[in-house]
Amino acid sequence: MPRAAWLYVTGMVAAGCVLATVMFLVRPPEPAPWALFISLAAVTGLMRIYVIVAPRHRAYEGSTIGFVAGALLLPPWLFAVQVIVAHGLEWAWVRLRHPDSDHLRGWYIQPFNMAKCLVGGAGAILALQLVQFDGFQASLWSPLLNVALFVGVYVLLNQLILGLVLRLARRVSFREAGILRDGVLIEAPLAGTGYVAAILFQLNPLLAALVLAPIVLIYQALAVPKLQEEAMQALERVNLDLTVANGSIRELNGELFLILARIFDARDPFVGGHAAQVAAYAVAVAIELGWPAERVETLRQAAYLHDIGKIAIPESILLKPSHLTASETAIIQRHVDIGAELIATSRGLRHLAPFIRYHHERWDGLGYPAGLLGEAIPVEARILNLSDSVEAMASDRPYHRAMSTAEIVAEVERCIGGQFDPTVAQAFLEIARRRPTGFVVNSARTVAQHLVAELTPGAELTTALFREIYGIATLEAEPKASQP
């Protein structure tokens with residue numbers, strides 16, 4: 001602590017000691033009101049102990065009520081004893097209950113607080129005596145003036161003394177210390193309550209008990225900032241927990257959707273990774289269109305599940321390596337209705353049903369199952385239609401070899417306004433032009449290479465035919481041809 005602060009604190013403690021000594025030396029000969037003193041000292045000590053710690057390290061307590069009442073009702077020397085006892089009880093409580101606390105650890109803190117209280121009380125008493133205070137018996141306006149004078153002098157002296165020590169010790173200004181906001185504006189009502197308690201006691205000692213009600217209200221009011229801060233902290237903790245839980249749920253949901261997509265794809269060795277790749281294209285297009293994250297996630301889920309209806313299609317049709325007949329085509333086209341009806345049974349997924357049902361509709365109205373035209377088709381379904389088509393063009397199938405990115409771009413451009421929504425198609429083309437490599441991939445090639453080793457000679461789809469369909473023989477022969 002700076003030298004000036006030490007001198008100030010030492011001077012205040014010395015002034016407090018001198019003031020208390022003078023009060024003892026000039027005490028009157030009449031008997032002291034010990035019962036009143038014990039009551040006030042006990043109540044004031046309890047108020048000193050019961051401190052409400054508010055946000056930003058602010059602390060509030062109501063001992064001012066007891067000190068003001070003591071200054072008005074007790075002889076000056078007994079008021080000095082009340083100040084010493086109340087602060088002593090607080091010091092003993094802190095040392096016994098919180099021995100490791102830094103609060104009141106410095107030897108000078110409580111003596112300084114006592115001196116501050118004594119100076120404030122003595123100044124307020126002297127101010128009333130100077131205006132010929134008549135023991136609460138005065139004209140209509142005198143009581144109000146007495147209250148204003150006593151409360152004003154007591155509070156201002158206390159806050160001035162406190163503000164100066166903060167200024168000298170910590171270089172904190174009166175404004176930064178909140179002397180007006182957290183000092184005068186709070187201490188003044190407390191001092192006024194103490195003055196009212198003294199008046200009621202003069203009228204009838206039992207009436208002083210009525211002050212307990214406003215004291216309780218005052219403490220509740222002081223506790224409001226703390227309760228608000230605790231409530232906000234609790235809400236923040238709950239929000240953090242919910243955020244973590246929501247992230248875990250989203251991660252789990254994403255894994256479940258991916259597993260489902262792989263299960264559906266597993267029934268058809270020709271479309272390995274199809275659903276995941278359709279989802280990748282669809283999400284990229286949606287982001288390009290500026291969709292919000294929540295809507296993008298919904299589209300991603302629909303993409304993973306868009307072919308769920310194929311689970312009901314016979315494998316003899318689903319796995320047929322040659323072109324389908326008209327009746328077989330009609331059967332396989334039913335997968336969109338089957339999938340939508342299946343998803344509609346789930347309360348949490350039924351909002352995806354229209355996107356699944358209409359993902360084979362065309363912009364020109366020549367699609368299925370309902371022949372919807374243009375914007376009558378949900379935009380999510382339009383994106384899925386393009387993504388599904390691009391994925392089919394980019395991957396090997398029994399009936400065609402994979403197309404290059406340039407060929408796919410040309411085909412999408414050709415189908416704008418026909419099969420594809422122009423806005424959706426342009427978004428895809430923008431991405432494909434920015435990313436000429438790595439964006440469009442052959443999702444079936446890796447799966448095909450893996451399955452070749454697992455096909456038995458008696459399988460319906462022979463190894464040779466499988467190699468021929470997917471061009472694997474060519475891929476394997478090229479490195480050999482380059483060897484010496």
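The values are calculated or read from the model by the stated rules, or taken from the named source; none is laboratory data. Everything numeric here is computed off the predicted structure, so don't read it as measured data. We place every Cβ from the backbone using ideal geometry, glycine too, and count neighbours over all the protein chains shown.
Below is a table of values for the structure above.
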{"quantity": "Entirely in the stretch 361-460, the helices (runs of 4 or more DSSP H) that have 2 or more residues that are touching a helix residue (DSSP H, G or I) at 6+ places or on another chain (Cβ under 6 Å), at pLDDT below 95 and over 21 Å from ALA286 (Cα atoms)", "calculated": "443-452"}
{"quantity": "Flag for LEU349 being in contact with a helix residue (DSSP H, G or I) (Cβ under 6 Å, 6 or more places away or on another chain), among the aliphatic types (A, V, I, L, M) and farther than 19 Å from PHE420 by Cβ", "calculated": "yes"}
{"quantity": "Some residue of the stretch 133-140 being assigned to a helix (DSSP H, G or I) and either polar (S, T, N, Q) or modelled with pLDDT of 85 or more (or both)", "calculated": "no"}
{"quantity": "Residue in the stretch 338-345 that is among the aliphatic types (A, V, I, L, M) and part of a loop (DSSP other than H, G, I, E, B) present", "calculated": "no"}
{"quantity": "So ASN113, is it in the same structural domain as VAL22 (by TED's automatic domain parsing), at pLDDT 90 or above, surrounded by 13 or more Cβ atoms within 10 Å (Cβ to Cβ) and of a type in the set (S, T, N, Q)", "calculated": "yes"}
